[in-house]
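Engineer: Attaching a single structure in structure tokens format; questions to follow.
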Amino acid sequence: MKKTSILINTARGALVDEEALRDAINDHEISGAGIDVYKEEPLPMTSPLYQIKDQDRILMTPHMGWGSVEARNQVIKEVYLNVKAYLEGKSRNIVNEKS
């Protein structure tokens, strides 16, 4: 990554090696990070992310990226559509359906 890069992780906590991220930020290998998910939640006080020397270079939120009004409305809509499809005997959002 470029030294001006900012790592954003809102996917899965285990995708990011938190010790390597700490080192990359502390060693100025990347500019910073925005993290909403963690390897361990709630984030323990022993996390390497708390060892970043300049805490202004990392933004940490408590796994709340899903909590926007738009995201919650989409969840409600999807649940409704899934229940409706089930009651109508239709398949919906099937990852591995046997024929």
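Engineer: Please go through segment 1-29 and give me each residue that is in a loop (DSSP other than H, G, I, E, B) and of a type outside the set (S, T, N, Q), ordered by number.
Structural biologist: Taking segment 1-29 as the starting set, the residues that turn out to be in a loop (DSSP other than H, G, I, E, B) are 1-5, 10-12, 16-17, 27-29.
Matches in segment 1-29: Met1, Lys2, Lys3, Ala11, Arg12, Val16, Asp17, Asp27, His28, Glu29.
Engineer: Another one. Among the residues of segment 30-44 satisfying the criterion of being of a type in the set (A, V, I, L, M) and part of a loop (DSSP other than H, G, I, E, B), which is modelled with the highest pLDDT?
Structural biologist: Step by step, filter segment 30-44, then rank; the result is Ile30.
Engineer: Let me ask another. Being among the hydrophobic types (A, V, I, L, M, F, W, C) and open to solvent by less than 10 Å² (accessible area, probe 1.4 Å) is the filter; apply it to segment 36-51 and report the residue that is nearest to His63 (Cα to Cα). Quick ask: steps written out before the conclusion?
Structural biologist: To start, the set of residues in segment 36-51 that are among the hydrophobic types (A, V, I, L, M, F, W, C) comprises 37, 43, 45, 49.
Filter again for open to solvent by less than 10 Å² (accessible area, probe 1.4 Å), leaving 37, 49.
Working: Val37: 5, Leu49: 15 Å.
The selected residue is Val37.
Engineer: Would you call Leu15 free of Cβ contacts under 8 Å to residues at least 40 places away in the same chain and either surrounded by 14 or more Cβ atoms within 10 Å (Cβ to Cβ) or among the polar types (S, T, N, Q) (or both)? Working first, answer last.
Structural biologist: On the way: free of Cβ contacts under 8 Å to residues at least 40 places away in the same chain: yes; either surrounded by 14 or more Cβ atoms within 10 Å (Cβ to Cβ) or among the polar types (S, T, N, Q) (or both): no.
Here the answer is no, as Leu15 does not meet what is asked.
Engineer: Let me ask something additional. May I ask you to list the residues in segment 53-97 that are part of a helix (DSSP H, G or I), closer than 30 Å to Ala20 by Cα and of a type in the set (Lys, Arg)?
Structural biologist: Pass one, segment 53-97, residues part of a helix (DSSP H, G or I): 55-57, 65-67, 69-87.
Applying the additional criterion that residues be closer than 30 Å to Ala20 by Cα yields 55-57, 65-67.
Residue satisfying the conditions is Arg57 alone.
Engineer: Next up: Would you tally the residues in segment 53-99 being open to solvent by 100 Å² or more (accessible area, probe 1.4 Å) and among the small types (Gly, Ala, Ser)?
Structural biologist: Total satisfying the criteria: 1.
The values are calculated or read from the model by the stated rules, or taken from the named source; none is laboratory data. Fair warning: this is a prediction, and the values are worked out from it, not measured in the lab. With ideal geometry, Cβ positions are generated from the backbone for all residues, glycine too; neighbour counts draw on all protein chains shown. In case anyone asks, the SASA skips ligands and DNA or RNA and just uses the protein heavy atoms, side chains included. Shrake-Rupley method; radii C 1.70, N 1.55, O 1.52, S 1.80 Å.
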